[in-house]
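Quick notes on the structure that follows.
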Amino acid sequence: MTITLAIETSCDETSCAILRDGREILSNIISSQIEIHREFGGVVPEVASRKHIENINIIIQQALDEANINFHDIDLVGVTQGPGLVGALLVGISTAKAIAYAIDKPIVGVNHIEGHICANYIDHKDLEPPFTCLVVSGGHTYLVQAKSYTEYELVGRTRDDAAGEAFDKVARALGLSYPGGPLIDELSKKGDKYAIDFPRVYLEQDSYDFSFSGLKTAVLNYLNQKRQKNEDIIIEDVAASFQQSVIEVLVEKTIKLAKERKSDKIVMAGGVAANEGLRSLMNYRGKEEGIKILYPSRILCTDNAAMIGSAAYFHYMEGDISNLYLNVEPNLEL
Ligand code: KG4
Ligand code: ZN
């Protein structure tokens, strides 16, 4: 049995989790700074770092208390190495190194995007690679083929905005607060998803890449024209039609890759995997194609340390551990 203490501070959540092996959560404390950043309409990096510093020790103690263990019960320390905000990442990594040094236990630096994927191992105890995976978060949109617990083939990615970023930017144009993804998700339920014919951007025929900036511009143009003509804007319809354009492309490309690779399961990960429209369309298409669809519970879709602990554990099991020279990599790729 391996007890992992994991830390995540890549953006605006300060989180610490304790895991038993790679799949069982003993505690997962998440302190969100969203309320603080909301008044600025997005995450302010310097503010995020300061808040992480204020919170981190308290969050770690809470995680230990809730798991009913102390530092000497820990076998492994996992921490997000990147990608993310440099100052925010530094708080987590310095803290994790200090703990690993003090208790003389190994440390593993984790790729945040891989962490999102590993959240699925916690919620789906029987899930094993290989599988096709769609990672959709605020900063990243990747289509990957997971070959093992630690190896991924990157097949497609966004060429401009990430899916979550598109949700957030369109939400802002609609006058909604940050982060806009969940609000668009809610509004969409009351709107007509075919009311406005926004573009579906598939790029070249054989491409698994994504592009969302053209769609975002189309929504902005639509809103500007309506405002210039003093016409009513039904924001539920705009939200639903925009969301439908995003999710159709995400779903069809993912299904196409799964079929090409003969995958019998599709796994979704990242904040946008919490989107109910995306979940239901993917489930519907998966059923049609005979492909099993999996995604984490909502709390494990968005940023949290438990997913980092899971990824750290699988690397540790393969002997892939870091050392105390571990440094942040703000632009780390999958
Ligand atoms: O994975 P995450 O917590 O952070 C990153 O690593 O980026 O993802 C945050 C993103 C935000 O853009 C947020 O608007 C989006 O995920 N998001 C959603 C939903 N919940 C969160 N987007 C659409 N529908 C949702 N229900
Ligand atoms: Zn994330």
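Numbers at a glance
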| quantity | calculated |
| --- | --- |
| Residue count, segment 317-334 (criterion: under 20 Å from Leu127 (Cα atoms) and in contact with a Gly (Cβ under 8 Å, 6 or more places away or on another chain)) | 1 |
| Residue among Glu231, Glu329, Glu236 that alone is over 15 Å from the mean Cα position of the chain (by Cα) and in a helix (DSSP H, G or I) | Glu236 |
| Positions within segment 33-68 being part of a helix (DSSP H, G or I), under 21 Å from the mean Cα position of the chain (by Cα), over 19 Å from Ala96 (Cα atoms) and not hydrophobic (A, V, I, L, M, F, W, C), in sequence order | Glu35, His37, Arg38, Pro45 |
| Tally, over segment 32-67, of residues that are surrounded by fewer than 19 Cβ atoms within 10 Å (Cβ to Cβ), at pLDDT 95 or above and not acidic (Asp, Glu) | 6 |
| Set Ile234, Ile247: member being free of Cβ contacts under 8 Å to residues at least 60 places away in the same chain, away from ligand 1 (no atom under 16 Å from the Cβ) and either β-branched (Val, Ile, Thr) or crowded, with 24+ Cβ neighbours inside 10 Å (or both) | Ile234 |
| Filter result for Val267 (more than 14 Å from ligand 1 (Cβ to nearest atom), touching a residue at least 12 places away in the same chain (Cβ under 8 Å) and out of contact with any Ser or Thr (no Cβ under 8 Å at 6 or more places or on another chain)) | no |
| Elements of type helices (runs of 4 or more DSSP H) contained in segment 102-197, each with 2 or more residues being away from ligand 2 (no atom under 16 Å from the Cβ), in contact (Cβ under 8 Å) with a residue 60 or more places away in the chain and over 15 Å from the mean Cα position of the chain (by Cα) | 163-173, 181-188 |
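Table: residues versus (1) within 15 Å of ligand 2 (Cβ to nearest atom); (2) without any contact (Cβ under 8 Å) to a residue 12 or more places away in the chain; (3) of a type in the set (A, V, I, L, M, F, W, C); (4) within 30 Å of Ser263 (Cα to Cα).
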site	(1), (2), (3), (4)
Arg50	no, yes, no, no
Glu54	no, yes, no, no
Glu66	no, no, no, no
Asp75	no, no, no, no
Ala98	no, yes, yes, no
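The values are calculated or read from the model by the stated rules, or taken from the named source; none is laboratory data. Remember, it's a predicted structure, so these values are computed and weren't measured experimentally. Please note: Cβ atoms are built from the backbone with ideal geometry, for glycine as well, and neighbour counts cover all protein chains shown.
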